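Novice: Right, I'll just put the structure down here and ask away after.
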Amino acid sequence: MVRVVAISGMPGAGKGVFGQVAIEKGFIVRSMGDMIRAEVESRGLDGNPHVFGRIAQELRDKYGYGVLASRLVEIINNDLETTGMVVIEGIRGDAERDIFVEAWGDEFGVLAIDASVDARFQRILARGRAEDGDRATFEERDERERGWGLGLILEQANWRLSNEGEIKEFKDTIKAWLFSHCE
């Protein structure tokens, strides 16, 4: 049985929605994006779209592409002492996946959330996070994250969910997936 599942998807695919539903169902969720947001805040930086991407890239350049995963392993191991499963929201590369596989082996898996470019961009506009920005920024972010290995992660995922419809439908799909794989 899977004890750690990493949620992957392009920006705006629905990783955060998956995380919200998992929390509602009683699972611990660790967000890799929150780690970047915390780093930006700890440095006292303005949270514009380019700053988030720059800080994420700086961390990877300085400490390696698995830096966030390395920081999470001990936290999640502690979580696993008190819970049956942990969700990692936002795995973005194969270096991160490799660290997680080394830590948990067959008890780790990746779930990819698929959504069209247009659906993702409309969601990004609607959510209004500081790191999102305009269409050009959105496209730059897609390219940057593909460069981290996100395309490979999506391609090689253990499971897939589609998120093209209404949010209620997607939440029902998430609940069904959690029930069949983790409860």
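Novice: Any residue at all in the range 138-153 that's over 24 Å from Asp94 (Cα atoms), surrounded by 15 or more Cβ atoms within 10 Å (Cβ to Cβ) and among the basic types (Lys, Arg)?
Specialist: Among the residues of the range 138-153, not one is over 24 Å from Asp94 (Cα atoms), surrounded by 15 or more Cβ atoms within 10 Å (Cβ to Cβ) and among the basic types (Lys, Arg), which makes the answer no.
Novice: Just one of Ala119, Ala112, Ala56 is modelled with pLDDT of 90 or more, within 24 Å of Gln156 (Cβ to Cβ), open to solvent by less than 30 Å² (accessible area, probe 1.4 Å) and touching a helix residue (DSSP H, G or I) at 6+ places or on another chain (Cβ under 7 Å); which is it?
Specialist: Ala112
Novice: Continuing with this model, one more query. When you scan the range 9-18, do you find a residue that is β-branched (Val, Ile, Thr), touching a strand residue (DSSP E or B) at 6+ places or on another chain (Cβ under 6 Å) and closer than 24 Å to Met85 by Cβ, even just one?
Specialist: Checking the range 9-18: not a single residue is β-branched (Val, Ile, Thr), touching a strand residue (DSSP E or B) at 6+ places or on another chain (Cβ under 6 Å) and closer than 24 Å to Met85 by Cβ.
Novice: A further question on this structure: What are the pairs with Cβ atoms under 8 angstrom where one residue, in the range 132-149, is touching a residue at least 40 places away in the same chain (Cβ under 8 Å) and outside any helix (DSSP H, G or I) and the other, located anywhere, is among the polar types (S, T, N, Q) and surrounded by fewer than 18 Cβ atoms within 10 Å (Cβ to Cβ)? Sequence gap at least six, or different chains.
Specialist: Gly133/Asn48
Novice: Using beta carbons and a limit of 9 Å, which pairs, at least six apart or on different chains, have the first residue in the range 26-38 and open to solvent by less than 30 Å² (accessible area, probe 1.4 Å) and the second one modelled with pLDDT under 90 and of a type in the set (Phe, Trp, Tyr)?
Specialist: Once the first residue is open to solvent by less than 30 Å² (accessible area, probe 1.4 Å) and sits in the range 26-38, its partners that are modelled with pLDDT under 90 and of a type in the set (Phe, Trp, Tyr) give Gly33/Phe52; Ile36/Phe52.
Novice: Can we say Ala95 is surrounded by 14 or more Cβ atoms within 10 Å (Cβ to Cβ), aliphatic (A, V, I, L, M), in contact (Cβ under 8 Å) with a residue 24 or more places away in the chain and closer than 25 Å to Val2 by Cα?
Specialist: yes
Rundown of residues vs (1) more than 19 Å from the chain's Cα centre (by Cα); (2) within 23 Å of Ala157 (Cα to Cα); (3) among the small types (Gly, Ala, Ser), yes/no style:
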{"position": "Asn48", "(1), (2), (3)": "yes, no, no"}
{"position": "Gly64", "(1), (2), (3)": "no, yes, yes"}
{"position": "Ala69", "(1), (2), (3)": "no, yes, yes"}
{"position": "Asn77", "(1), (2), (3)": "no, yes, no"}
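Novice: I would also like to ask the following. All but one of (1) touching a His at 6+ places or on another chain (Cβ under 9 Å); (2) farther than 18 Å from Met10 by Cβ hold for Leu111; state the number of the condition that does not hold.
Specialist: It is condition (2) that Leu111 fails.
Novice: Mind listing whichever residues of the range 144-183 are among the hydroxyl-bearing types (Ser, Thr, Tyr) and under 16 Å from Lys15 (Cβ atoms)?
Specialist: Result: Ser162, Thr173.
The values are calculated or read from the model by the stated rules, or taken from the named source; none is laboratory data. The structure presented is a predicted model; accordingly, all values stated were derived computationally and were not measured. Don't worry about glycine lacking a Cβ; one is built from the backbone with ideal geometry, like all the others, and counts go over all protein chains shown. Calculation scope for accessible area: heavy atoms of the full protein, side chains included, ligands and nucleic acids excluded. Shrake-Rupley method; radii C 1.70, N 1.55, O 1.52, S 1.80 Å.
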